[in-house]
Number of protein chains: 4
Amino acid sequence: SEMIYRVKRCLACLAVENCSVSVSRSMASKTQVGFIGLGNMGNPMAKNLIKHGYPVIASDVFPESCKELQELGAQILDTPADVADKADRIITMLPSSPNVMDVYTGPNGILKKVKKGSLLIDSSTIDPAVSKEMAIAAEKMGAVFMDAPVSGGVGAATSGKLTFMVGGAEEEFTAAKELLSCMGANVVYCGQVGTGQAAKICNNMLLAIGMIGTAETMNLGISRLGLDPKLLAKILNMSSGRCWSSDTYNPVPGVMEGVPSVNNYQGGFATTLMTKDLGLAQNTATNTKTPVILGSVAHQIYRMMCARGYANKDFSSVFQFLREEEGQ
Amino acid sequence: SEMIYRVKRCLACLAVENCSVSVSRSMASKTQVGFIGLGNMGNPMAKNLIKHGYPVIASDVFPESCKELQELGAQILDTPADVADKADRIITMLPSSPNVMDVYTGPNGILKKVKKGSLLIDSSTIDPAVSKEMAIAAEKMGAVFMDAPVSGGVGAATSGKLTFMVGGAEEEFTAAKELLSCMGANVVYCGQVGTGQAAKICNNMLLAIGMIGTAETMNLGISRLGLDPKLLAKILNMSSGRCWSSDTYNPVPGVMEGVPSVNNYQGGFATTLMTKDLGLAQNTATNTKTPVILGSVAHQIYRMMCARGYANKDFSSVFQFLREEEGQ
Amino acid sequence: SEMIYRVKRCLACLAVENCSVSVSRSMASKTQVGFIGLGNMGNPMAKNLIKHGYPVIASDVFPESCKELQELGAQILDTPADVADKADRIITMLPSSPNVMDVYTGPNGILKKVKKGSLLIDSSTIDPAVSKEMAIAAEKMGAVFMDAPVSGGVGAATSGKLTFMVGGAEEEFTAAKELLSCMGANVVYCGQVGTGQAAKICNNMLLAIGMIGTAETMNLGISRLGLDPKLLAKILNMSSGRCWSSDTYNPVPGVMEGVPSVNNYQGGFATTLMTKDLGLAQNTATNTKTPVILGSVAHQIYRMMCARGYANKDFSSVFQFLREEEGQ
Amino acid sequence: SEMIYRVKRCLACLAVENCSVSVSRSMASKTQVGFIGLGNMGNPMAKNLIKHGYPVIASDVFPESCKELQELGAQILDTPADVADKADRIITMLPSSPNVMDVYTGPNGILKKVKKGSLLIDSSTIDPAVSKEMAIAAEKMGAVFMDAPVSGGVGAATSGKLTFMVGGAEEEFTAAKELLSCMGANVVYCGQVGTGQAAKICNNMLLAIGMIGTAETMNLGISRLGLDPKLLAKILNMSSGRCWSSDTYNPVPGVMEGVPSVNNYQGGFATTLMTKDLGLAQNTATNTKTPVILGSVAHQIYRMMCARGYANKDFSSVFQFLREEEGQ
């Protein structure tokens, strides 16, 4: 089925490239694409653009991050403004809201030299309110801004199987999808600017709740009530307790293969990054006056884990955090 | 596929009946089976025993609960002790721990007249510690006690598609499964006495956490961030936020068909029952010194809902509880 | 002792006025003071300035809010900029961060016409980060900004017994205290800009936790465990459970006189305002990566209360919210 | 004032002894008093009885616990039954519910040989439901059972300044108070049997909430917002955030003298004991269907602390637990 999948992906790519012929902006296909932010995620994403035949013009605050891409033929420029001067389609992949604001609206930012009609796609995970601000600032310069955060991690970025959740003007979605499809298996249109971030934040909040819930439940059942871990997982997965954290990414070492829990919680999605996303969810909920009770407590639990040495372990290590033996 | 399913069920029943020939206690097959507790769940369960050809001897504290079964040919007796005097296989289905203690060890309880070698199966959802007590008391009288709580609700009880989670001596499991297979689609052996309850409690705690998490997430995404409900559910279900509450029992009216949320949260699994199960999980966690943070908060949220008029609505009504508009 | 208190207040005022002679900016004493924001709190505060002999120049977005003060002799101007053009000491008392940003840095804001050397005191309760931004913006114009949020409510504002928590340059504190002492009984210097807000936010977060804790405890003790409410309050208050919410502002009707709980939770400090302050605490904690577990849950509980009709009741109504009888 | 206090205590003792002359059971004054449970608390309590002139007959499961008391003239017997055979007033001070059940109703328990009319006072902190069971069992034997848990710790037990919260028949309170006044500064009548435990549980739940709230608040204010610890404590204590944990037992090292936080959280009230009391509160709340949201979360926080090496530190160490620096 992996082969079938790959064939489907190929067809999908072809389909995108074919249909792009009929779309105005996509006439620019195979012309240069800008890429700002070559970190753990941005690097493999930009490589996938090159693999699909796009000439890439890139920039990063750390010059050494650019070497690998340069060797693959990418042109490296000093600032986001320089990139915007040359490319009319730019993808940004940055750690947090302040970086995004700087790269777009800073003194050497994209908007200093952006061309009219440019398509700017931000794949960072940030506050939806900041996405909206960037969109307004871009519009003033005659450019189009879309938010397109991803789910899937470094592995999916490398294999080109990310999921993109895209917010912005619907008429620009086809053009955005053309580029994003080179880097992801799913490109989902979510609505107006900011809704991509909203979907991402919502998913990760529910993910965190499900993971902590799974860890608490497995700990209660196996450490204390004498159930076999695999048996308990099996029962949950055939019942209403089933969730992604129980059936796909089980936090208990030994229950499943190929997940961080069997590798001492190395790799995967770091607790500190989950905590950042829960902070965004919390700020968004507070600003919109929405009660998110379990979301808040999940945020605080991951916050405590960061304070106690789990910051760089996979977020499923909450099982380890909870199961330590009670003193005395 | 429903037909295929039914055929498989039939084969399963045949298999059970055939193999029962080779098991000692199952020689008693088609002899009388006792049934104590003919409430919403017990009534359809007992009927399914009759459908499978078992003569049933039943008892309930409310005589009127017995009428329907009597018309189907069941013999009705006054007390659990009377039933134990006649049947050496008895199933009990009762609301809570005190009822179970009374039915087994009370002045007219099963153990007053239980026959040596009897098989006593309790399908109530109660504290695992009480199950263990009952097992010890039964053993003193030369009888075998197993806990076998169910998941699946009145619908599954009626259609004979319950899941039974069974705890007790492994060598008795075949005999128990013979009877339980008449009432359920899945009969899972969990381990020693009490582990059936443990599995049930664990599943329902994770279920409650997932449901509240789903309700919070959907509310944040649709009421406040402008996402379309069906789109958000679709995104969650193809991502790591996926859980039974998001993909099978979505709490937002209109996202799915055939769930309580489209029927004003009527039917389904009442908030008050979920609250009871969370109370069991909480007591168990406290008594075993296990941290269950989200489990505790979920318990308290359902507790508050009971206090505010949601006791008899389906437990997915937590979405309604959260989404009321903020005053001013 | 009330009389002694009043005498002490008088002496305090004299002291302030006397010592002000020796401080440079205070030479301006009895010259005009600007006041922006004449709401429930700002109105009585400005009146107290007039009572102490200060000519007041005021402005508010709602002209009708200014009438009463105008009759007392205050000069009313159209915009904050107009006020800044005439007065070099200005106090602002506004509902939330966006209002503060608009009044200081908006197109008709104070900073458009502020005089060099002006003292700007903001008594609003807002995000400390916004206070710092305003201070930087003021400094660029050669003015001094201090944050000085209050505790005490409308009653204390009217009687001139507010507590001011002041953040800003220490050498400006004497000048600020001169004005603030006309409106408050306590003026506490907290440290650099933003620390006044920090102290206010911290106090109110602990207050919310104590109030909910008191309500839960009283409800558990009296509704369920059969303790007399006054007796339980007495025991708590002579023991380690004692807190301001148990001994000064008890949320159970009938335990104390003169508190909102005996007046159907009318008056006092509205749930919606407490929720706003908890939102500030939450945002601050998230932005500074501080775990505030009970603070988060308290926030969410008040958020839920706002959604369920308690927005305008006193925040001690959490007792009523919790104690509703459980349905079956 | 300490001297004044001691004089008042003396007068109080005299008053109790004088008035005892007029009360029937108290005619037994200065006759033997039984004491079961000579642990950290029971030992100094029994000594105070001896100091006040009561001959003590004691028993403990660990014979070595009895040595010190024996040297002071107490008679040591093997079992609670033996003590009940000789003394008609008995005080019990035991770790938990199962110990109390064993000491009263076990095979060598008090009730095996209790004399009609005996007064049995249990100062253990246990489930109020167990207290009620013991009272019923005692009544069947013609004896009177009262629950009288204490607050105050080992220091107060040694100095005779405990607070006793007493539940039971009101007409027996005078007799109980005669004995308890030798060991405590406050003896408060709470109502029927079990209400002493209820008051104790309520107080400690609110105490835990206040302590965690204070720790979170101080941590937010000082570690992150730059407030001076002593200044923040001062502001809270003059404002509505004030509570016992902020003004009498501050958890931040250096803010106050003579509290465990200045002694690396040694001594005081161990986290594991607070966790036990919160477990009782949780069980009681669950069994009475009372929502205790912050109470639940506080319970879970202390549960986690026990799992992470804080079990034997003072419960104010929650400040240390929260303030660890965030990784990365």
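The values are calculated or read from the model by the stated rules, or taken from the named source; none is laboratory data. Note that the structure is predicted; figures quoted are calculated from it, not measured. Note that we place each Cβ from the backbone using ideal geometry, even for glycine, and neighbour counts take in every protein chain shown. SASA here: full protein model, heavy atoms, side chains in, ligands and nucleic acids out. Shrake-Rupley method; radii C 1.70, N 1.55, O 1.52, S 1.80 Å.
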*Tell me which of these D:ASN263 doesn't satisfy, since it passes every other one: (1) open to solvent by 10 Å² or more (accessible area, probe 1.4 Å); (2) under 24 Å from A:LEU322 (Cα atoms).*
(2)
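Confirm whether A:ASP102 is under 22 Å from the mean Cα position of the chain (by Cα) and free of Cβ contacts under 8 Å to residues at least 12 places away in the same chain.
In short, yes.
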_Can you tell me which of (1) more than 26 Å from A:VAL150 (Cα to Cα); (2) assigned by TED's automatic domain parsing to the domain that holds B:SER316 is the one B:GLY226 doesn't meet?_
(1)
*Among residues of segment B:136-151, those that are within 14 Å of chain A (Cβ to nearest Cβ) and outside any loop (DSSP other than H, G, I, E, B), counted*: 3
*Hey, D:ALA129 part of a strand (DSSP E or B), within 14 Å of chain C (Cβ to nearest Cβ), small (Gly, Ala, Ser) and surrounded by fewer than 22 Cβ atoms within 10 Å (Cβ to Cβ) or not*: no
*Go through (1) assigned to a helix (DSSP H, G or I); (2) of a type in the set (S, T, N, Q); (3) in contact (Cβ under 8 Å) with a residue 40 or more places away in the chain; (4) more than 7 Å from every other protein chain (Cβ to nearest Cβ) one by one and return the number of the condition D:THR275 breaks.*
(3)
*Could you grab me the full set of residues in segment C:58-74 that are within 20 Å of C:ILE121 (Cα to Cα) and either among the hydroxyl-bearing types (Ser, Thr, Tyr) or in contact (Cβ under 8 Å) with a residue 40 or more places away in the chain (or both)?*
C:SER59
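I need the full set of residues from segment A:100-143 which are within 19 Å of A:PHE164 (Cα to Cα) and not β-branched (Val, Ile, Thr), in order please. Lay out the reasoning, then the answer.
Pass one, segment A:100-143, residues within 19 Å of A:PHE164 (Cα to Cα): A:100, A:119-132, A:134-135.
Matches in segment A:100-143: A:LEU119, A:LEU120, A:ASP122, A:SER123, A:SER124, A:ASP127, A:PRO128, A:ALA129, A:SER131, A:LYS132, A:MET134, A:ALA135.
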*Any residue at all in segment C:231-247 that is surrounded by 23 or more Cβ atoms within 10 Å (Cβ to Cβ), small (Gly, Ala, Ser) and under 24 Å from the mean Cα position of the chain (by Cα)?*
yes
_Residues of segment C:51-85 satisfying the condition of being part of a helix (DSSP H, G or I), within 22 Å of the chain's Cα centre (by Cα) and surrounded by 18 or more Cβ atoms within 10 Å (Cβ to Cβ)_ = C:SER65, C:CYS66, C:LEU69, C:PRO80
*asked:* I'd like to verify a number: residues in segment D:184-211 that are crowded, with 24+ Cβ neighbours inside 10 Å, closer than 30 Å to C:LEU206 by Cβ and not small (Gly, Ala, Ser), how many?
replied: 13
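Name the single residue that is surrounded by the fewest Cβ atoms within 10 Å (Cβ to Cβ) among those in segment B:171-183 being within 21 Å of B:ASN203 (Cβ to Cβ) and not polar (S, T, N, Q).
Checked segment B:171-183; the qualifying residue surrounded by the fewest Cβ atoms within 10 Å (Cβ to Cβ) is B:PHE173.
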*Members of segment D:280-328 found to be surrounded by fewer than 22 Cβ atoms within 10 Å (Cβ to Cβ) and within 22 Å of the chain's Cα centre (by Cα), listed by number*: D:ASN283, D:ALA311, D:ASN312
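In contact (Cβ under 8 Å) with a residue 40 or more places away in the chain, farther than 27 Å from A:ILE301 by Cβ and not hydrophobic (A, V, I, L, M, F, W, C): is that true of D:THR174 in this structure? Before the answer, list the steps.
Details: in contact (Cβ under 8 Å) with a residue 40 or more places away in the chain: yes; farther than 27 Å from A:ILE301 by Cβ: yes; not hydrophobic (A, V, I, L, M, F, W, C): yes.
Answer is yes for this residue.
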*Check every one of the helices (runs of 4 or more DSSP H) wholly within segment A:155-267 and list those with 3 or more residues that are more than 7 Å from chain B (Cβ to nearest Cβ) and of a type in the set (A, V, I, L, M).*
A:173-180, A:195-218
*For segment B:304-320, enumerate the residues that are of a type in the set (D, E, K, R), over 16 Å from B:GLY210 (Cα atoms) and more than 8 Å from chain C (Cβ to nearest Cβ).*
B:LYS313
*Is there a residue in segment B:222-230 that is within 25 Å of B:HIS52 (Cα to Cα) and either in contact with a strand residue (DSSP E or B) (Cβ under 8 Å, 6 or more places away or on another chain) or buried (at least 24 other Cβ atoms within 10 Å of the Cβ) (or both)?*
no
*Residues satisfying the stated conditions in segment B:285-298, i.e. out of contact with any Asp or Glu (no Cβ under 7 Å at 6 or more places or on another chain), away from chain C (no Cβ under 13 Å) and in a helix (DSSP H, G or I)*: B:ALA285, B:THR286, B:ASN287
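Residues in segment B:86-98 that are under 11 Å from B:LYS113 (Cα atoms), among the charged types (D, E, K, R) and either out of contact with any helix residue (DSSP H, G or I) (no Cβ under 7 Å at 6 or more places or on another chain) or open to solvent by less than 50 Å² (accessible area, probe 1.4 Å) (or both): how many? Spell out the reasoning first.
Applying the first criterion (under 11 Å from B:LYS113 (Cα atoms)) to segment B:86-98 yields B:86-88.
Still in the running and among the charged types (D, E, K, R): B:86, B:88.
Narrowing the set further to residues that are either out of contact with any helix residue (DSSP H, G or I) (no Cβ under 7 Å at 6 or more places or on another chain) or open to solvent by less than 50 Å² (accessible area, probe 1.4 Å) (or both) leaves B:86.
Within segment B:86-98, residues that are under 11 Å from B:LYS113 (Cα atoms), among the charged types (D, E, K, R) and either out of contact with any helix residue (DSSP H, G or I) (no Cβ under 7 Å at 6 or more places or on another chain) or open to solvent by less than 50 Å² (accessible area, probe 1.4 Å) (or both) number 1.
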*Looking at segment B:187-194, is at least one residue in the same structural domain as B:GLY42 (by TED's automatic domain parsing) and under 15 Å from A:SER240 (Cβ atoms)?*
yes
*Only one of (1) free of Cβ contacts under 8 Å to residues at least 60 places away in the same chain; (2) open to solvent by 30 Å² or more (accessible area, probe 1.4 Å); (3) not aromatic (Phe, Trp, Tyr) fails for C:THR158. Which number is that?*
(1)
_Among the residues in segment A:144-154, are any open to solvent by 20 Å² or more (accessible area, probe 1.4 Å) and more than 25 Å from A:PRO44 (Cβ to Cβ)?_
yes
